[in-house]
Amino acid sequence: MVFLCVLAGPAFASGEENRIQVFYPRAECAGEEIEVDVWDRDYAAWRRHPEHAYVPVETCQEEQAGRLLHELRWRCRDRDPETTWHVGLDVFNPEISQSCEVRPIADAQSRAQIHVASPHEAAIIKWKKGFALVDGSVRVDGVEGVEYELVIALDRSGSAPDASARLAAQVKAARRFVASVNARLGDLRIGVVAFPGVNTPARVMTRPSADRGAIDLALNQALRLGASGDHAFSEGLEAALDLLAPADVKPERPRARPVVAIASDGASVPFAPGSTSGVRELVERARSAGVRVHAFALAGHAHELSPLANKLAERTHGSVRRVPSSALSNNFFAAVRLPLPEAVTIYNPRTQDTTRARLDANGRFRAAVPMAAGDNPLTIVATTTDRSRGERDWKVRYDAMAARDAFLEGERERIRRVRARKNLQISPVRDELAARKSVTPVPGSLDD
């Protein structure tokens, strides 16, 4: 069942430009995503949603008011083509109103950048078979490869029963997240920080590690510490940055992309207005070190997020998400995306061919692309596992005459080699005949 949340604030304009928040619950879905279609009025057919074909469960998304009711459908994302579609939206439900942000901060998804190693742009291709071999790599966040360093920062501030429940929910969500990425441990390393610490601003439970046992132990220890201390978001973020980007120290894995997932009381700074002491400096430190910060406002109210929360998401190319009380039991850390290169296609409009490149585990690709005589304006498209998309135009020129000459020269060389082999085969035959004639005839034989 999908819920419509009407936002407080200025009145919306009429027509298709109305934007409202829609809450997508888990419903019967076992997975973590929902597939969304919209009704195409011009063609009287269902089409994939142009803005978000797949939506994480228990999240809010903006929709055009004119598309609501019976012009939007959704279903659980799985491999069964017979999965039931649910058409339409329920009306506003006050029980989940705080599930939708007033000003959602969209996740600045990782863009897939395409690097072409060969041929160089404007190259003249003379390969006789009418193809161009295109080699390159897909880089996520400008980095080639699949390595990540992630620090999960857990808020243990407060002393009331709800603070203990909040800590337990964070640990549970962290365990579920670690289980979901278990196969990637090695290329992915995970550290755990709890804040505030015991007689310290924050406590490092484990440095980034690929040891599942060490990570589980760190989460158990964080839970045993219990809830205690004053709110200390800045101390938690600082401890995470100290692990990922220590000052004046070369990173242990310079090709690993650094990410922070930090959960904290949604009614406190930086999500709510208040003192920004230290936080702004940490945001700039994260930005300059290339650290993405994904912040989770736990059980906060649906009031306007503070300018600092907006700045945190914007400057670190991360995200800020609300986790309402009703969603604390969900795997909210699943919203942290650690994308990998997934596919590369190369389209040549001259030949109307779309070639799917071979892509290795590190994001390097190679494809043999059919060519037509003259200019070939190729379009290279790369996608990642979080469905971000990168595109690059790459023009090369195919010289058909030179390719023909190369082909003819190749044929001449092939014929020369064949003739050379034949000459080598004739000599032994002659030697054998000569040997036969030199044998002394046996008396009484036909040769006598």
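The set of residues in the range 212-250 that are touching a residue at least 24 places away in the same chain (Cβ under 8 Å) and not in a helix (DSSP H, G or I) comprises GLY226, ALA227, SER228, GLY229, ASP230, HIS231, ALA232, ALA245. Residues considered: ARG292, ARG253, ARG287, ARG257. Of these, the only one that is more than 18 Å from HIS317 (Cβ to Cβ), within 21 Å of the chain's Cα centre (by Cα) and of a type in the set (Lys, Arg) is ARG253.
Of everything in the range 175-226 that is hydroxyl-bearing (Ser, Thr, Tyr) and closer than 22 Å to PRO246 by Cβ, the residue that is surrounded by the most Cβ atoms within 10 Å (Cβ to Cβ) is THR206. Against the criterion of being out of contact with any Phe, Trp or Tyr (no Cβ under 9 Å at 6 or more places or on another chain) and at pLDDT 95 or above, THR345 qualifies.
Return the only residue of GLU82, GLU62, GLU121 being modelled with pLDDT under 85, out of contact with any helix residue (DSSP H, G or I) (no Cβ under 7 Å at 6 or more places or on another chain) and loosely packed, with under 13 Cβ neighbours inside 10 Å. Going through GLU82, GLU62, GLU121 in turn, the sole match is GLU82. Only one entry in ALA112, ALA153, ALA132 is within 12 Å of the chain's Cα centre (by Cα), surrounded by 17 or more Cβ atoms within 10 Å (Cβ to Cβ) and touching a residue at least 12 places away in the same chain (Cβ under 8 Å), namely ALA112.
Listed here are the residues, each with its yes/no results for (1) within 22 Å of SER234 (Cα to Cα); (2) in contact with a strand residue (DSSP E or B) (Cβ under 9 Å, 6 or more places away or on another chain).
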{"position": "GLY278", "(1), (2)": "yes, no"}
{"position": "ARG322", "(1), (2)": "yes, yes"}
{"position": "PHE332", "(1), (2)": "yes, yes"}
{"position": "GLU342", "(1), (2)": "no, yes"}
{"position": "TYR347", "(1), (2)": "no, yes"}
{"position": "ASP353", "(1), (2)": "no, yes"}
{"position": "ALA373", "(1), (2)": "no, yes"}
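For the range 293-345, the set of residues classified as assigned by TED's automatic domain parsing to the domain that holds ASP386 and hydroxyl-bearing (Ser, Thr, Tyr) consists of THR345 only. The set of residues in the range 110-159 being closer than 19 Å to THR385 by Cβ and charged (D, E, K, R) consists of ARG111, ARG139, ASP141, GLU144, GLU147, GLU149. From the list ASP353, ASP386, the lone residue that is modelled with pLDDT of 95 or more and of a type in the set (Asp, Glu) is ASP353.
Where strands (runs of 3 or more DSSP E) sit wholly within the range 277-355, those with at least 3 residues that are buried (at least 23 other Cβ atoms within 10 Å of the Cβ) and touching a Gly at 6+ places or on another chain (Cβ under 8 Å) occupy 292-298.
Listed here are the strands (runs of 3 or more DSSP E) enclosed by the range 105-173 that have at least 3 residues being in contact with a His (Cβ under 9 Å, 6 or more places away or on another chain) and at positive phi, and there are none. Among the residues making up the range 356-378, those that are surrounded by fewer than 15 Cβ atoms within 10 Å (Cβ to Cβ) and assigned to a strand (DSSP E or B) are ARG356, ARG358, GLY374, ASP375, PRO377.
When you look at VAL146, is it in contact with a Leu (Cβ under 8 Å, 6 or more places away or on another chain), of a type outside the set (Asp, Glu), surrounded by fewer than 21 Cβ atoms within 10 Å (Cβ to Cβ) and touching a residue at least 12 places away in the same chain (Cβ under 8 Å), yes or no? Criteria met by VAL146.
The values are calculated or read from the model by the stated rules, or taken from the named source; none is laboratory data. Just so we're clear, the structure is a prediction, and the values are computed from it rather than from any experiment. So basically every Cβ, Gly included, is an ideal-geometry build from the backbone, and we count neighbours across all protein chains shown.
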